[in-house]
Amino acid sequence: MTKKTSLTNKILIAMGLGLILGSLINIFAADQTIIQSYFVNGLFHVIGSAFINALKMLVVPLVTFSLICGVCGIGDISALGRIGLKSFLLYILTTGIAITLALGIAITLAPGKDFNQQQQHATAFVAKASPPITDVFINIIPGNPIAAFAQGNMLQIIFFVILFAIAMLMTGEIGRQLADTAEKLNEVMMQVVTLVMDFAPIGVFCLMAKTFSEQGFALIVPMIGYFSVVILCLFVHALGTFSVLLTFFAKLNPLVFFRKMRPAHIFAFSTASSNATIPVTLRALEKRIGVNNTTAAFTVPLGATINMDGTAIMQGVATVFIANVYQIDLGLTQYITIIGMSILASIGTAGVPGVGLIMLAMVFNQVGLPVEGIGLILGVDRLLDMLRTVVNITGDATVTCIVARGENTIDDSIFNDPEAGTVPELHLPHKTA
Ligand code: ASP
């Protein structure tokens with residue numbers, strides 16, 4: 001085993017150890033005040049949250065510099081439009097496939113048919129008001145770009161940065177100088193990503209230990225029907241749909257692709273946030289898989305916001321499950337509405353933990369299912385959130401590769417090199433005399 005590959009393995013081991021320790025705490029020390037205060041809500045909470053903040057810290061500057069470089073690198077506005085349109089349509093298509101697949105499998109397996117609601121303690125679920133879909137489109141244009149950057153509003157940032165970079169292209173020499181600077185800044189930011197990834201073993205360990213000490217597997221038992229159907233659909237979509245798309249449209253070996261995406265998968269799983277994972281997804285696609293920045297800089301942040309295949313799958317299964325529990329018959333029109341609503345809802349919501357439930361409330365309102373039913377699945381949602389976030393970012397990366405293949409912006413020699421872009425061990429430069 002080389003020194004280089006050992007970081008991903010270290011993160012994986014840390015993840016496993018965190019999961020085991022967290023589960024042990026959940027089973028044996030749930031009411032031990034010392035362990036709860038000093039470890040779960042102390043050490044694990046502090047280091048885990050600090051690590052998530054360190055990842056989030058990278059998102060806005062990295063997306064900004066990277067997107068400026070991407071747009072200036074394409075250099076041609078019609079090509080930019082083409083990449084935008086292709087990725088948008090592919091994102092809609094993959095989400096459509098995901099929700100249809102989930103509905104198909106869930107209707108066939110019928111989770112929730114024999115569910116005894118009386119024996120369950122549903123957690124109260126109060127749906128947050130969701131913005132009307134018209135607002136989603138209006139709000140793509142930031143009234144105040146500084147506020148957009150400050151709040152990390154991804155669609156607004158993408159809109160403003162693209163406009164700014166197009167203007168840079170139009171201003172000739174001045175714009176070129178700025179683009180050179182952005183390129184240097186982007187390179188440095190990528191290095192910051194590498195630095196943060198070096199701390200991942202400890203960060204991931206604490207995140208997993210904290211989550212699993214709170215989310216015991218006991219919660220899953222009564223919900224096993226729903227839980228396993230969601231997981232089955234996630235696997236079918238990730239290993240089936242994505243593999244087919246990668247093989248035939250991106251002309252890539254899915255096994256190599258999944259291996260190279262492993263660090264991004266681990267980050268997505270432990271943070272449950274596509275947004276916080278953007279830097280790692282971007283890095284994996286550019287440095288490990290060989291997608292040029294001109295494509296990835298645009299498709300990855302866009303995908304983190306508008307593309308959520310895993311979330312759509314959860315919504316499909318949850319809808320069928322709750323309809324079965326409440327013995328409500330859904331008709332074809334309602335199923336079509338569910339498909340449309342899931343796609344639309346994913347466009348307007350950011351990839352952050354738990355947002356899928358808010359989207360689900362939008363779907364339920366639309367088809368007339370009881371929103372309080374969401375309380376039933378709330379207890380197991382965090383674990384499913386972690387898994388579906390992995391599928392969400394895999395969808396972003398798959399579409400990125402398909403678009404890159406079409407644009408001829410993928411370097412197969414990087415893809416075929418197992419060592420390409422592995423994170424080096426931390427070696428801080430020493431000051432020389
Ligand atoms: N946590 C998911 C993501 O960030 C969204 C969700 O399903 O709640 O992609």
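The table that follows gives values for the structure above.
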{"quantity": "Kyte-Doolittle mean at least 0.0 and Cα axial length at least 27 Å: DSSP H helices in the chain", "calculated": "6-28, 45-74, 77-109, 173-198, 381-407"}
{"quantity": "Contact order relative to length of the chain, as percent, for alpha carbon pairs under 8 angstrom and 6 or more apart", "calculated": "31"}
{"quantity": "Normalised convex hull volume, segment 226-317, alpha-carbon set, Å³ per residue", "calculated": "101"}
{"quantity": "Pair Ala167, Asn139: separation of 7 Å Cα→Cβ label points (nm)", "calculated": "2.4"}
{"quantity": "Distance between segment 61-101 and segment 159-237 - C-alpha centres, whole angstrom", "calculated": "16"}
{"quantity": "Label-to-label distance, nm, for residues given as Leu255 and Asn53 (7 Å Cα→Cβ offset)", "calculated": "4.4"}
{"quantity": "Exceeding the 18 Å Cα-Cα cut-off - candidates Lys260/Lys287; Lys184/Lys287; Lys10/Lys260", "calculated": "none"}
{"quantity": "Listed residue (Ser413, Val367, Val423) projecting farthest to the positive dipole end of segment 362-433, Cβ model", "calculated": "Val367"}
{"quantity": "Extension reserve of the Gln191-Ala110 stretch, reckoned as 0.36 nm per residue once the Cα distance is removed", "calculated": "24.3 nm"}
{"quantity": "Under 12 Å, Cβ to Cβ, from Leu207 - net charge with Lys/Arg +1 and Asp/Glu -1", "calculated": "+1"}
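Computed from the coordinates by the stated procedures, all read-outs in this text should not be read as laboratory data. Given the structure is predicted, the values throughout are model-derived calculations rather than measurements. Backbone-built Cβ (ideal geometry, glycine too); neighbour counts: all protein chains shown.
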